[in-house]
Amino acid sequence: MSLESLGWQGLVILVVFGISLLIATYCTYAERVIAAFLQDRVGPDRAGPFGIVQPLADAVKLFTKEEFFPSGANKALFIFGPCLAMITALMSSAVIPFGNFLKFGETVVHLQGIEINVGMLYVFGIVSLGVYGIMIGGWASNNKFSLLGAIRAASQNISYELAMGLALIAVLMMSGSLSLRDITLQQSVPGEWHFWNVVKQPLGFIIFIVCAFAETNRTPFDLPECETELVGGYHTEYSSMKMGLYLFAEYVNVFVASAVMSVIYFGGFNFPFQYELRSWLSSSQGLSIDAAQNIIAILGVVAVFAKIFAFIFFFMWVRWTLPRFRYDQLMRLGWTILIPLAIFNILLTGGLITTGIIPEIKQWW
Amino acid sequence: MESLSNRAKKLEKKPMTLAERAYLPAIFQGLSITMQHFFRAATKKQITVRYPEETRPFSPVFRGLHVLKRDEQGRERCTACGLCAVACPAEAITMVAGERKKGEQNLYREEKYAVSYEINMLRCIFCGLCEEACPKAAVYLQADKMAPPRYERDEFIYGKDRLVEPVSPDNRSKRGIQLTPEQADKLRTQMQSA
């Protein structure tokens, strides 16, 4: 890789980082507006037109609040907890392909932070580290409600990671690759009908999305921060921006979960008729192949963000519709329903692959 | 236990069907209901009253903050007879009567007038009995104003400075003057239906 394209790649990483933060910021606003609309209310509309600078006002509020340390808390870990939650949340967006590549002469810029061949494994490694942030923060608070919330978070995440991983194995059996880029490209073979993985893996997708709700600690599985039983759960003792980081990390996680789902199951940056559009652009519009490819890549970025926003909306829609599960119901759903279903899905996929109903993957790129 | 009214419904606890245990049909039903509410803002009228910009309309028979009326020539009507204070069930009204001096004919209508007239808005229950008792049509409860919240208790004791109607006729409240025909009609139909 030349120095120049390394510089471009650095820029892409910075942009991805900035976009994750921006989207998480505006998720707080979107959550409140969507909640309001679903409940026939108006929502925040005082700060700026339609309240669009509300996140700024919230940030100012959080920064000016008192920095509170409970007595008996382990101060170092108390600070480290929210930092870890935020760091792990932000790290996982690095490998997500937000677009194909842009080509300027000799320079090729992949619209992805880093392309590694174990991308999916990386995402899941980082996401499972995220629970340490919650665990450490809950333990360091020296409060039984925080500790209970942290324990709930840990056991819930471990239980649902299993089913999530098993649901993904079925996708891996079809794709034969852990690279998120490969998985995306496989979902649109040129000259064939545009099939997303969700068509081939409907059961796996349902299992995955249920687990994604549990992994991001959102309703109906928001038991770690269950207000009705645990005051505030693991962040009971937190105030000021440390609390803000926890809440923020949740939204970054929602963004990453939405991005992963749209990449793995909904074709990522692919959109229908992209190759037809490219050949039309280059043949009848007289654009060069590179220019046509760049236009397609930019439209692909738009497509992947449309999918991500749709999923984020779905996360919020579900949050303001469904009540919270009871803890034993949560565990029963995870261990006795989702995991057996995921294993059945693996067997089914294996059978379909060996009988040739799901065709061999083509490494066409 | 035997039901006395025969209206008690016998409930059977049935085991859940597969569709119920799978949660998904019920979840989608719930999601569709909330989505209908999401689009309600576009289709139906919004319920929310955006308070500082718009206020809820008062009822025409609302009894709000008191006012001491003036007559057509701008003279105070009140003669400090004390009937309102007697009628007041909450003992909220006090007054001191005085004799009109020469040259004050343009200020007070009768020979006797209220030197001070105080209503304690914390005691007042806004029943409107003072208004009914007043023989000079001097005290009214305005239909469009409320006693605003304040920080100190003594700020709730309204003296003549805050009770007497300002001289300029534009600021007269709707209630002391005649109701408009539409308002009167509305009031009549409301009272008949009640």
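The values are calculated or read from the model by the stated rules, or taken from the named source; none is laboratory data. Remember, it's a predicted structure, so these values are computed and weren't measured experimentally. Here the Cβ is made from the backbone with ideal geometry for all residues, glycine too, and neighbour counts use every protein chain on show.
Take region B:48-61 and flag every residue that is over 19 Å from the mean Cα position of the chain (by Cα) and surrounded by 10 or more Cβ atoms within 10 Å (Cβ to Cβ).
We begin by selecting, within region B:48-61, every residue over 19 Å from the mean Cα position of the chain (by Cα); these are B:48, B:50, B:53.
The answer is B:Thr48, B:Arg50.
Test of understanding: among A:Phe305, A:Phe315, which residue is more than 14 Å from every other protein chain (Cβ to nearest Cβ), of a type in the set (A, V, I, L, M, F, W, C) and touching a residue at least 40 places away in the same chain (Cβ under 8 Å)? Talk me through it step by step, then tell me what you get.
Details: A:Phe315 fails: more than 14 Å from every other protein chain (Cβ to nearest Cβ).
None of the other options fit; the residue is A:Phe305.
Can A:Thr64 be described as over 30 Å from A:Val123 (Cβ atoms) and either within 23 Å of the chain's Cα centre (by Cα) or modelled with pLDDT of 85 or more (or both)? Walk me through it before giving the result.
On the way: over 30 Å from A:Val123 (Cβ atoms): yes; either within 23 Å of the chain's Cα centre (by Cα) or modelled with pLDDT of 85 or more (or both): yes.
Here the answer is yes, as A:Thr64 does meet what is asked.
Tell me, please, whether a residue that is of a type outside the set (D, E, K, R), in a loop (DSSP other than H, G, I, E, B) and within 22 Å of B:Asp161 (Cβ to Cβ) can be found in region B:43-64.
Yes, region B:43-64 contains at least one residue that is of a type outside the set (D, E, K, R), in a loop (DSSP other than H, G, I, E, B) and within 22 Å of B:Asp161 (Cβ to Cβ).
Inside region B:27-39, can you point out the residues that are within 9 Å of another protein chain (Cβ to nearest Cβ) and in a helix (DSSP H, G or I)?
First, the residues of region B:27-39 that are within 9 Å of another protein chain (Cβ to nearest Cβ): B:27, B:30-31, B:33-35, B:37-39.
Correct list: B:Ile27, B:Gly30, B:Leu31, B:Ile33, B:Thr34, B:Met35, B:His37, B:Phe38.
Within region A:223-235, is even one residue among the acidic types (Asp, Glu), touching a residue at least 24 places away in the same chain (Cβ under 8 Å) and touching a Gly at 6+ places or on another chain (Cβ under 8 Å)?
Among the residues of region A:223-235, at least one is among the acidic types (Asp, Glu), touching a residue at least 24 places away in the same chain (Cβ under 8 Å) and touching a Gly at 6+ places or on another chain (Cβ under 8 Å), which makes the answer yes.
Output the number of the condition that A:Phe101 fails; it satisfies all remaining conditions of (1) surrounded by fewer than 23 Cβ atoms within 10 Å (Cβ to Cβ); (2) in a helix (DSSP H, G or I).
Evaluating A:Phe101 over (1) surrounded by fewer than 23 Cβ atoms within 10 Å (Cβ to Cβ); (2) in a helix (DSSP H, G or I) leaves (2) as the failure.
Report whether or not A:Ile353 is in contact (Cβ under 8 Å) with a residue 60 or more places away in the chain and more than 14 Å from chain B (Cβ to nearest Cβ).
Here the answer is yes, as A:Ile353 does meet what is asked.
Take region B:83-109 and flag every residue that is part of a loop (DSSP other than H, G, I, E, B) and among the small types (Gly, Ala, Ser). Outline the logic, then answer.
First, the residues of region B:83-109 that are part of a loop (DSSP other than H, G, I, E, B): B:88-92, B:100-107, B:109.
Listed by number, the residues that qualify are B:Ala90, B:Ala92, B:Gly103.
Quickly run through region B:62-103 and pick out the residues that are surrounded by fewer than 15 Cβ atoms within 10 Å (Cβ to Cβ), among the charged types (D, E, K, R) and either in contact with a strand residue (DSSP E or B) (Cβ under 8 Å, 6 or more places away or on another chain) or within 15 Å of B:Gly128 (Cα to Cα) (or both).
B:Glu91, B:Glu99 - these are the residues of region B:62-103 that are surrounded by fewer than 15 Cβ atoms within 10 Å (Cβ to Cβ), among the charged types (D, E, K, R) and either in contact with a strand residue (DSSP E or B) (Cβ under 8 Å, 6 or more places away or on another chain) or within 15 Å of B:Gly128 (Cα to Cα) (or both).
It is to be established whether one or more residues within region A:266-274 are away from every other protein chain (no Cβ under 14 Å), part of a helix (DSSP H, G or I) and not hydrophobic (A, V, I, L, M, F, W, C).
Here is the first cut: in region A:266-274, the residues away from every other protein chain (no Cβ under 14 Å) are A:266-274.
Going one step further and asking which of them are part of a helix (DSSP H, G or I), we end up with A:274.
Narrowing further to those that are not hydrophobic (A, V, I, L, M, F, W, C): A:274.
Looking through region A:266-274, at least one residue is away from every other protein chain (no Cβ under 14 Å), part of a helix (DSSP H, G or I) and not hydrophobic (A, V, I, L, M, F, W, C).
What about A:Glu227, is it of a type in the set (Asp, Glu) and surrounded by fewer than 21 Cβ atoms within 10 Å (Cβ to Cβ)? Lay out the reasoning, then the answer.
Numbers: of a type in the set (Asp, Glu): yes; surrounded by fewer than 21 Cβ atoms within 10 Å (Cβ to Cβ): yes.
Yes, satisfied.
Anything in region A:13-27 that is over 24 Å from B:Ile33 (Cβ atoms) and either surrounded by 19 or more Cβ atoms within 10 Å (Cβ to Cβ) or at pLDDT below 85 (or both)? List them, or say none. I'd like the intermediate steps shown before the answer.
The initial filter retains those residues of region A:13-27 that are over 24 Å from B:Ile33 (Cβ atoms), namely A:13-26.
Correct list: A:Val16, A:Ser20, A:Ile23, A:Ala24.
Quick test for you: out of A:Ala59, A:Ala85, A:Ala89, A:Ala36, pick the one residue that is within 14 Å of another protein chain (Cβ to nearest Cβ), out of contact with any Lys or Arg (no Cβ under 7 Å at 6 or more places or on another chain) and surrounded by 12 or more Cβ atoms within 10 Å (Cβ to Cβ). So that I can check it myself, show each step before the final result.
On the way: A:Ala59 fails: within 14 Å of another protein chain (Cβ to nearest Cβ); A:Ala85 fails: within 14 Å of another protein chain (Cβ to nearest Cβ); A:Ala89 fails: within 14 Å of another protein chain (Cβ to nearest Cβ).
Just one listed residue meets the conditions, A:Ala36.
Give me the residue from region A:3-57 that is in contact (Cβ under 8 Å) with a residue 40 or more places away in the chain and among the charged types (D, E, K, R) and, out of that set, farthest from A:Val256 (Cα to Cα).
A:Glu4
With (1) under 18 Å from the mean Cα position of the chain (by Cα); (2) surrounded by 12 or more Cβ atoms within 10 Å (Cβ to Cβ); (3) outside any loop (DSSP other than H, G, I, E, B) as the list, and B:Cys127 as the residue in question, which single condition is left unmet?
Only one criterion is unmet by B:Cys127, namely (3).
So which residues in region B:65-82 are of a type in the set (Lys, Arg) and part of a strand (DSSP E or B), if there are any at all?
Of all residues in region B:65-82, those of a type in the set (Lys, Arg) come to B:69-70, B:75, B:77.
The answer is B:Arg70, and nothing else.
Which ones in region B:11-26 are part of a helix (DSSP H, G or I) and either more than 10 Å from every other protein chain (Cβ to nearest Cβ) or of a type in the set (Gly, Ala, Ser) (or both)? Break it down stepwise before answering.
If we filter region B:11-26 for residues that are part of a helix (DSSP H, G or I), which is where we start, we get B:18-21, B:24-26.
Those that are part of a helix (DSSP H, G or I) and either more than 10 Å from every other protein chain (Cβ to nearest Cβ) or of a type in the set (Gly, Ala, Ser) (or both): B:Leu18, B:Ala19, B:Glu20, B:Pro25, B:Ala26.
Mind listing just one residue for me: the one in region B:40-80 that is under 29 Å from B:Ala137 (Cα atoms) and of a type in the set (Lys, Arg) and, of those, farthest from the other protein chains (Cβ to nearest Cβ)? Write out each step before concluding.
Just the residues of region B:40-80 that are under 29 Å from B:Ala137 (Cα atoms), to begin with: B:56-80.
When the remaining residues are screened for being of a type in the set (Lys, Arg), the result is B:56, B:63, B:69-70, B:75, B:77.
Values: B:Arg56: 15, B:Arg63: 31, B:Lys69: 40, B:Arg70: 41, B:Arg75: 47, B:Arg77: 45 Å.
Checking each candidate, the answer is B:Arg75.
Quick check on region A:39-52: of everything there that is of a type outside the set (D, E, K, R) and surrounded by 15 or more Cβ atoms within 10 Å (Cβ to Cβ), which residue is farthest from the other protein chains (Cβ to nearest Cβ)? Walk me through it before giving the result.
Here is the first cut: in region A:39-52, the residues of a type outside the set (D, E, K, R) are A:39, A:42-44, A:47-52.
From what is left, the residues that are surrounded by 15 or more Cβ atoms within 10 Å (Cβ to Cβ) are A:42-44, A:47, A:51.
On the way: A:Val42: 5, A:Gly43: 10, A:Pro44: 12, A:Ala47: 15, A:Gly51: 12 Å.
My answer is A:Ala47.
Condition (residue is of a type in the set (A, V, I, L, M), free of Cβ contacts under 8 Å to residues at least 60 places away in the same chain and over 30 Å from A:Leu148 (Cα atoms)) applied to region A:332-343: is it met by at least one residue?
no
Does A:Leu347 qualify as being within 14 Å of chain B (Cβ to nearest Cβ) and either hydrophobic (A, V, I, L, M, F, W, C) or within 27 Å of A:Ile34 (Cα to Cα) (or both)? First the steps, then the outcome.
Details: within 14 Å of chain B (Cβ to nearest Cβ): no; either hydrophobic (A, V, I, L, M, F, W, C) or within 27 Å of A:Ile34 (Cα to Cα) (or both): yes.
Criteria not met by A:Leu347.
Within region A:158-167, is even one residue more than 28 Å from A:Gln329 (Cα to Cα), touching a residue at least 24 places away in the same chain (Cβ under 8 Å) and part of a helix (DSSP H, G or I)? Walk me through how you get there before you give the answer.
Restricting attention to region A:158-167, the residues satisfying the condition of being more than 28 Å from A:Gln329 (Cα to Cα) are none.
Checking region A:158-167: not a single residue is more than 28 Å from A:Gln329 (Cα to Cα), touching a residue at least 24 places away in the same chain (Cβ under 8 Å) and part of a helix (DSSP H, G or I).
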